[in-house]
1. Can you tell me which residue within region A:308-336, out of those that are without any contact (Cβ under 8 Å) to a residue 60 or more places away in the chain and surrounded by 15 or more Cβ atoms within 10 Å (Cβ to Cβ), is nearest to A:LEU161 (Cα to Cα)?
2. Scan region B:186-196 and tell me whether some residue there is part of a strand (DSSP E or B), more than 14 Å from every other protein chain (Cβ to nearest Cβ), under 29 Å from A:MET189 (Cβ atoms) and at pLDDT below 90.
3. Inside region A:98-111, can you point out the residues that are buried (at least 18 other Cβ atoms within 10 Å of the Cβ) and under 33 Å from the mean Cα position of the chain (by Cα)?
4. Of the residues that make up region B:109-118, is at least one away from chain A (no Cβ under 12 Å) and surrounded by fewer than 18 Cβ atoms within 10 Å (Cβ to Cβ)?
5. Take region B:119-157 and flag every residue that is part of a strand (DSSP E or B), charged (D, E, K, R) and crowded, with 21+ Cβ neighbours inside 10 Å.
6. Which residue is farthest from the chain's Cα centre (by Cα), if the candidates are limited to region B:65-92 and must be within 7 Å of chain A (Cβ to nearest Cβ) and of a type in the set (Lys, Arg)?
7. Kindly indicate which of B:ALA280, B:ALA275, B:ALA264 is out of contact with any Phe, Trp or Tyr (no Cβ under 6 Å at 6 or more places or on another chain), closer than 22 Å to B:LEU224 by Cβ and without any contact (Cβ under 8 Å) to a residue 60 or more places away in the chain.
8. If I filter region B:94-108 down to residues being closer than 18 Å to A:ALA202 by Cα and in contact (Cβ under 8 Å) with a residue 40 or more places away in the chain, which single residue comes out as farthest from the other protein chains (Cβ to nearest Cβ)?
Amino acid sequence: MSERKNPLLALTQARIREFVREPEALFWVFVFPILMAVVLGFAFRDRPPDPVPVGVVGPGAAALEEALTKAGTTKPQTYATPPEGLAALRTGKIALLVEESGTNDLVYHFDPTRPDARIARLEVDDAIQRARGRTDPTPAEETLVHEKGSRYIDFLLPGILGLNLMGTGIWGVGFSIVNARLKKTLKVMVATPMRKSDFLLAQMLSRFLFLILEVGLILAFGVVAFQVPIRGSLSVVGLTTILGSLCFAGIGLLVAARARTLEAASGLMNLVMVPMWLLSGVFFSSDRFPKAAQPVIQALPLTALNNALRAVMLEGKTLAAVSGELLIMTIWGILAFAAALKIFRWQ
Amino acid sequence: MSSRSPAISCRGLRKSYDDVKAVDGLDLEVEPGECFGMLGPNGAGKTTTIEILEGLTKADAGDVTVLGRRWGHHDRELRERLGVSLQESRLTEKLTVYETLELFRSFYAHGRSPEQLLEDLSLEEKRDARVGKLSGGQRQRLAVACALAGDPEILFLDEPTTGLDPQSRLQLWERIAVHKASGRTVLLTTHYMEEAERLCDRVAIVDHGRIIALGTPSDLVASLNAPHIIDFATEPAVAEELLARIPGVGDRRQRDGRWLLNAASLAQAVPALLAALDGAGARLVSLSTHRATLEDVFLSMTGRELRDE
């Protein structure tokens, strides 16, 4: 008779080995989030937005273009005929078309539901009216805000972190389970006295190792490249990411609990993840959605994770202040795990 | 093993998949310490039966007890005491042989160490090789090693040597013999009569989901009442009436242009056959004889060969 390893530990270790020996999986878990952060970092780097492209058309177009170029807030482009200008507007090449009929009167063509079109309307009008001699009754001064912690990148980075924890949790666990089911490696284990809960728990626990690397990489990238602040305690950030990761690993188990094919599983994963991408405040605050939808949105695990991360990192909130969010994630994780254990298809 | 109750017993086992009756009223009793073989062609219902006995598949009807316990009530206890190698035991390809054994060992409260298991199946040299890099024979040996990890009282082997090289087959046979020699029970399925004759104390011949014959390999062969087989072909072919007149010939079957005759005594039947062929003007193209095997038992009972290849 011989000594044995703890089965939960042995399963977790096996899962980790399996994962690190799969180079493709490593790429998606570690390289992808960094690439995403770099790309977004460039897109949202610290500088004023590009001037909005606008079109001018009509007999006085040359004078208008000159005035707009001088103001520098928009990028004017002259069109020979109104239909040409309107075509450019329709295809999104310009945000606004200024038509001057020759009588000095102006017509602005634009789509009011496009934010950049409305900005262009204000900037263009302002530039032209000034060039034609308007004076402001009240002089105003501008103080520009560049404070670390209130820029868009500061808002974005915790969201990217949350998004990644969700993606790798659900994909990492779900994919490996469906794969094991497809390759029939589960069946032979079911014939042993292995506890089924050990197998599922090991899938979740194996996420820890990757979690440390993943969170560390993204946070370090944000701090070094963009000076994103971490105002609260690092251990609360750690606890939040651990709970978030376990919660999404549990959801990954549930999503993969019955799927027989990778297609079915990835469909389910998208069904679960895409709404949270949109609703949970990754790229913009979830407060922008209607009040009636807020109870649902706030109960989503990714909303809880993102809110908690932002509160701790940007506002320096304490553990007690984010305990509500942590509770939401814990409940999701436990319910998903229990449901997965109940309905899991072992063969 | 001290108890006299059967190690495995099932009665009236039935299982259908859609319209196909895979198992159709099968009764079986395996004594403790015996090596019991289920022999039959592909699709006879062997795998379905063994997976029901292993508690992996639910029967539609019938009663199963294993070590006096029932599935659904004592599953964990039973799993501790059983070892299972599936028809195709798929193991994680990214783990090494040793890591795989360590993992399977961790599932059992008591059992053999990974080192012992490596030695049992002569896998020492492959200790640090990834499962994905093993040959078919090495993989199958590893699957059996995993089944032995809990030092089981009953070892279930579903087609353990199908498609294996002769060396791997011999190593597996040796290991199964060792397991049996320690007083433990083995239930295996196979469609190799040689395997059944060599390893099994008793054999059940399975066809269309039921047992059509049961006994020791020698009893089953003896039941043919004709221990010799004469296998011949002639030019031109001869009619059956000619053969019916030959003394001491029992069953007659035609197979791929050849005749197969069951004979009680070669000394009596062969000269008579040659004389009869000569008289009919038929020229002998081939002639061979062999002692009857389980294959011939199956053939005479079903009119089909075990391996329809």
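The values are calculated or read from the model by the stated rules, or taken from the named source; none is laboratory data. Given the structure is predicted, the values throughout are model-derived calculations rather than measurements. Quick reminder, even Gly has a Cβ in these numbers, built from the backbone with ideal geometry, and neighbours come from all protein chains shown.
1. Top of the filtered list is A:ILE328.
2. Yes, region B:186-196 has at least one match.
3. A:PHE110, the sole residue that qualifies.
4. no
5. Listed by number, the list is empty, since nothing qualifies.
6. Result: B:ARG76.
7. B:ALA264
8. Out of the qualifying residues, it is B:LEU101.
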